[in-house]
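Each value in this text was obtained by applying a stated rule to the coordinates, not by laboratory testing. All of these numbers come straight from a predicted model, not from anything done at the bench. Here Cβ is always computed from backbone atoms with ideal geometry, including for glycine, and neighbour counts include all displayed protein chains.
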Amino acid sequence: MQGFVIEGGKRLSGEVSVCGAKNAALPILAACVLTRSEVRLKNCPQLSDVFSAFKILSCLGCKCSFSDGEARIDSGVIESEYIPDKLMRLMRSSALYLGACLGRTGRCTLSYPGGCELGPRPIDLHLLALEKMGADISEEHGVIECSCPAGLHGAGISLSFPSVGATENIMLAAVCAAGETVIYNSAREPEIVDLARFLRKCGADISGEGSSVIRIKGVKELHGCTYEIMPDRIVAATYLCAAALTGGELTVRNTRPEDNRAVTDVLIETGLDIFSFDDKTYINAARPLKSVGRIRTMPYPGFPTDAQPLVSAVLTRAKGTSIIVENIFENRYKHNPELVRMGANIKTEGKVAVIEGVPMLFGTRIMAGDLRAGAALLIAALSAEGISELGNIEYIDRGYESIEKVFSKLGANIKRTVI
Ligand code: UD1
């Protein structure tokens, strides 16, 4: 098995730049199905999930290439509306090809998406909304068949929860539908804003992104464009948390500090110095960490569930008791038993985790259970005394570009090897 061997206890220092956001790139890549001329995406991260999106796009007939940090997608001709199960299982965002394919060709056959197992991840809100927009949807043995012989039409859609994926899927279906679609209680995440900006650059008529009501007036078709993907706020949070745990001092470039406020506010509460200027975030973790009050994960602008494992890792070393309440996903504490193996004191019950800070973590053999759980264990290992062996790192590669090289440059002792 591929793994990281990490000799912990090295203080991270220096400058690091954040790559483009995975969770913005994936819906934008799905949106490329709707464009009839070439799209160029700058700052597109080179991640296994992005290459999974390339596989899906290629299977639909799009031409994809990557050079010098720029992805190029030509969707001039769509040859197929069928996505095989093995491609659908590669990631959660494969569900977005429903809205994109329906919007472009009026048909789509696919199966349920894969992705990290964070508890049940249904797509009922996606399907209900598409039906309201005129799609006929049938399902047999896990295969979902969708068509809209008369074309999609706009609709008023109230989401019972501000789902990120459902909001994106509706946006993709609505941009070329007949008439106006209004999404009430839409997700407000910065990645939704990035998708709306991209679609607008391709000719879509969208307003209200970033608020909880998004309005989309359907246009006849979309054209290609050149677009720069926003920086990844969870990768930025990972670097900040790594500095916090190792007592480091980092300048993190290509950040949007306002997108990360919920995370930086918690880190400041632990006693760290964090300053932001322009697109840089500076962190100095010279002093010992202290525990924080309750952290509840919430839809944006609340505390992001994706940063919960990372901040939990930091709090294992913070003096006192911290309480985490995970409200978004049922099974998002896979890092906790592994952190406990490293010497952390964490009690987990249902959606609540109680973390009693300990002075030191110790290196041992640990396993990544999903993408962010893996990243949390990695930064914990960077700060631990002794050697850690971290397995299942293919999860980490889904969301981070050669993370071992980044941390090595900042002073860590980490190697990718067979363990
Ligand atoms: C996206 C992000 C993921 C992040 C999550 C929440 C991507 C590729 N992934 O995932 O990193 O953790 O937002 O910020 O952008 N739900 C339903 N029915 C649905 C859809 C969702 O019940 O039809 C529930 C989910 O089970 C979950 C909650 O809603 O409990 C949030 O899910 P959602 O916001 O849709 O997250 P994703 O789009 O899957």
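Within 10 Å of each candidate Cβ there may be at most 14 other Cβ atoms; applying that plus a DSSP loop requirement, which GluC sites (Glu not before Pro) in segment 268-361 survive? Spell out each step's value before the answer.
Details: sites: E269, E326, E330, E338, E349, E356; in loops: E326, E330.
Answer in residue order: E330.
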- From the phi of every residue in segment 384-391, what ³J(HN,Hα) in whole Hz does the Karplus formula 6.51 cos²θ - 1.76 cosθ + 1.60 yield, where θ is phi - 60° and glycine or proline is x? 7, 7, x, 9, 10, 10, 10, x
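For every other residue with a beta carbon closer than 13 angstrom to the beta carbon of E221, add +1 if it is Lys or Arg and -1 if Asp or Glu, then tell me the sum. Please report the intermediate quantities before stating the final value.
On the way: positive: R36, R104, K220; negative: D205.
Once all neighbours under 13 Å are counted, the net charge is +2.
Where Lys and Arg each count +1 and Asp and Glu each count -1, what net charge lies around Y282 among other residues with Cβ under 14 Å from its Cβ? Show your work: numbers first, answer last.
Working: positive: R253, K280; negative: E15, E249, D273, D278, D279.
Overall, the nearby charge balance is -3.
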- Message: Which residues does the label zone of R11 cover in segment 278-309, counting backbone N under 18 Å from a point 7 Å along Cα→Cβ?
- Response: 282-290
- Of K55/K201; K42/K201; K63/K217; K290/K405; K290/K334; K22/K55, which ones are farther than 18 Å apart at the Cα? K55/K201; K63/K217; K290/K405; K290/K334
- Query: Which one of D273, D397, D124 has the biggest mean-square fluctuation once the chain is modelled by GNM with Cα springs under 10 Å?
  - Reply: D124
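How high is the relative contact order of the chain, in percent, with contacts defined as C-alpha pairs under 8 Å that are six or more residues apart?
Working: 1082 pairs, mean separation 88.6, N = 419.
Relative contact order here is 21 percent.
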- Between the modelled labels at E258 and R341 (7 Å from Cα along Cα→Cβ) the distance in nm is 4.3
- Calculate for the chain the 222 nm mean residue ellipticity that helices alone would give, adding -39,500 (n - 2.57) per DSSP H run of length 4 or more and normalising by residue count, nearest 500 deg cm²/dmol. -9000 deg cm²/dmol
- Item | Simple spin-label estimate for V213 and V354 in nanometres, 7 Å along Cα-Cβ | 4.4
- Message: Pick from C101, C176, C59 the residue whose mean-square fluctuation is largest in a GNM of the chain, springs joining Cα atoms under 10 Å.
- Response: C59
